Amino acid sequence: MQIDKWLKKDLEFIWHPYTQMKEAKKFPPILIERAEGIKLYDEQGNFYYDTISSWWCNVHGHNHPKIKKAIKKQLNSLEHVLLAGFTHRSAICLAERLISIAPKNLTKVFFSDNGSTAVEIALKMSFQYRKNLGEKKKKKFISLDRGYHGDTIGTMSVSGIDLFNKRFSSLFFSSFKIPSPYCYRCPVNKSQGNCLTECIKPMESLLKEKAPEITAIILEPLLMAAAGMIVYPQEYLKKAAALAKEYHVHLILDEVATGFGRTGKMFACEYVNGIEPDFMCLSKGVTAGYLPLGITLTTDKVYKTFSADYQENKTFYHGHTYTGNPLCCSAALASLEIFEEEKTLFKIKDTIPLFHRGLERFRGLPLVGDVRQLGLIGALELVKDKKTKRGFDFKERIGLEVYKRGLKRNLILRPLGNVVYLWLPLCTKRNELEDILDKTYQVIESL
Ligand SMILES: Cc1ncc(COP(=O)(O)O)c(C=O)c1O
C-alpha cells in the first residue's frame, strides 16, 4: 500500500530519463530504500546487485564509510562557494591529485558538474584555442560513428548513436564522422586475429585532406560504452594519437565512462604507453558515484593561449553554478584515498581473470554472437543467427525481456540494443561475481 502510494506520486510528478513514460505504469520504477556494497535494497527488503554501477559511476560500493565521513566533514565547514574569484581547499587538493595521476602532459584542471559538460568544455576550449592563435579555419571535429559523449547539443554533435540523436541533427554543428573500430562487425571485413587496424585509414585520409579545417579528434579510449561496449584494439588508439600529433590536431579523450579503474587501469588511455592527450574528460566514477562532478584536464600549451591581457578577450567564458562544489570534491578525494588504502587496482587484478573466464562460458549459448571484456566491463552481443550475425529488430524488444528476467534474479541488466552488459563496481567480491555470472547465464539461456 505504502509503495503503491509512492509510485503513484512518482508517476504523477517525475519524468524519468531514457524511459518511455507511457509504459511506466506497466513497468513502474523500483523504489529503492537503501544500499550497501554492491546491493540495492527495495522497501520490501528484496535486493538487486548493482550490476551496472548505477549508470557506470559506483566504484567502491554503496554506503562506504570513508566517503560518507568525508562528505559530512566537508558539510560541517562549507557546502558551496562559487569558483570564480573564490576557491577552497578540496578543489585545490583534488586538482593536484588528479594532475598527479593523469598523463604527465596534463597540468590544468577545469571543473564542471557532469560528463556532458566535461566534454563540452573540451570541445569549446579546443575551438577557442584556435581562435586565440588566429587559426581561423581549424574549427571542425572528427568523431566516431556510434560514439557517445553526452546528451547536450554540443556533445550530440560529436556523437553517433542515431537512436538518441538523429531527430536533433538539424541543431548540430557539423563534424566529420568516421566508422568505428567495431571488431565483431569489422568495417574493413577482417577476421578477428587478422587485424592490422586498417580501420584507422578513414581517419588518416580525412586528416591528410582536411587537417587545416580540423581542431580535434574526440575518442572514448578503448571502449565505446553506449555503442554497446565495443572494445577496440589498443593499436587503434595508439595510431589515432600518433595521427593527431602528426597533423597538429588535438586529441580529446573522453574517459567519463572508462576512468577510475573500470578497465583495470586508473584510466583506459594508460594501456597505450606514453599517450599524451590534449584534453581528458572525467566524471561518473570521479566521486565513486556519490555526487556529480565533471573534470576537463588540459595542457599548459592550451592554457597559455587563454592567458592574456583582459582587453584581448581571450578569457574562457564558461562556468556552471556548481562548478567544483566542495562536497563533490571531498567525495572525489576520499575515493582516491580509498584506491590507495584498499589497493583497489591491485585487488581487481585477481577479479578480472575470473570475470574473463566466466564470460567466455557464454560463447556456447546459441544467442550469444560476441563476448567482449575490458577490466570489469563485460558485454554479450545477442544475435538471431550466429553465422549471419543478424541481430534482433528494435521492435522485438529483446532488451526488455532481458531486463525483466534479470530483475527476477536480483540483477540489473539494461541492455544497449542487443548488447547485454555487466559494469561491475570494483569492490565486487568473488562469490558475488560468481553469483552474478551464474544468474546472467540463466537469463540468457532462458531466452
Ligand atoms: C563516454 C561518455 N561521455 C560522456 C557521457 C555523459 O555523461 P553525463 O551523463 O554525466 O552527462 C557519458 C555518459 O554515459 C559517457 O559514457
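Structural remarks
- Extension gain, E96 to R361, is 91.1 nm, computed as 0.36 nm per intervening residue step minus the present C-alpha separation.
- Under the combined filter of DSSP loop state and at most 13 neighbouring Cβ atoms within 10 Å, region 230-260 retains none of its trypsin sites (Lys or Arg not before Pro).
- Of the trypsin sites (Lys or Arg not before Pro) found in region 348-444, the ones in coil according to DSSP and having at most 10 other Cβ atoms within 10 Å of their Cβ are K387.
- Derived scalar couplings ³J(HN,Hα) [region 365-382; Karplus, 6.51 cos²θ - 1.76 cosθ + 1.60; whole Hz; x for Gly, Pro]: 6, x, 8, 8, x, 9, 10, 10, 8, 8, x, 9, 10, x, 9, 10, 8, 8
- Under-5 Å amide H pairs with H250, H placed in peptide plane, nonlocal only: A216, I217
- Lysines whose Cα lies under 20 Å from that of K304, excluding same-chain neighbours fewer than 8 positions away: K104, K108, K124, K131, K136, K138, K139, K245, K314
- Part-to-part distance (alpha-carbon centres) for region 72-95 and region 334-352, which is given in Å: 26 Å
- Couplings 3J(HN,Hα) for region 122-135, derived from phi with the Karplus relation 6.51 cos²θ - 1.76 cosθ + 1.60 (θ = phi - 60°), are 4, 4, 5, 5, 4, 4, 5, 3, 5, 4, 4, 8, x, 8 Hz, where x marks Gly and Pro.
- When you filter the chymotrypsin sites (Phe, Trp or Tyr not before Pro) in region 1-55 for DSSP loop state and at most 16 other Cβ atoms inside 10 Å of their Cβ, you are left with W15, Y18.
- Fewest-first ranking of S307, S174, using other Cβ atoms within 10 Å as the exposure measure: S174, S307
- The phi torsions of region 7-13, fed into the Karplus equation with coefficients 6.51, -1.76 and 1.60 and a -60° offset, translate into couplings of 5, 4, 5, 4, 5, 6, 10 Hz, rounded to whole numbers, with Gly and Pro shown as x.
- In terms of other Cβ atoms within 10 Å, S159, S169, S116 run from fewest to most in the order S169, S116, S159.
- Contact order, relative form, for the chain: 21 percent (alpha carbon pairs under 8 Å, 6 or more residues apart, mean separation divided by residue count).
- Local electrostatic count at E434 - Lys and Arg +1, Asp and Glu -1, tallied over other residues with Cβ under 12 Å: +2
- For the pair region 201-255 and region 387-402, the centres of their Cα atoms are 30 angstrom apart.
- Residues T323, T87, T51 in ascending order of nearby Cβ atoms (within 10 Å, fewest first): T87, T323, T51.
- For a paramagnetic label modelled on W55 (point 7 Å from Cα along Cα→Cβ), amide N atoms under 14 Å away belong, within region 210-251, to 226.
- Point-charge dipole on Cβ atoms (K/R +1, D/E -1) for the chain, about Cα centre, debye to 20: 640 debye
- Kirkwood hydrodynamic radius of the chain, from inverse mean 1/r over distinct Cα pairs, in Å: 23.0 Å
- For region 119-150 versus region 1-36, the gap between their alpha-carbon centres in whole angstrom: 39 Å
- Fraction of beta bridges assigned by DSSP in the chain that are antiparallel (%, nearest 5): 70 percent
Rule-based calculations on the coordinates, nothing more; no lab input. Remember, it's a predicted structure, so these values are computed and weren't measured experimentally. Neighbour counts are summed over all protein chains in view; Cβ atoms, including those assigned to glycine, are modelled from backbone coordinates with ideal geometry.
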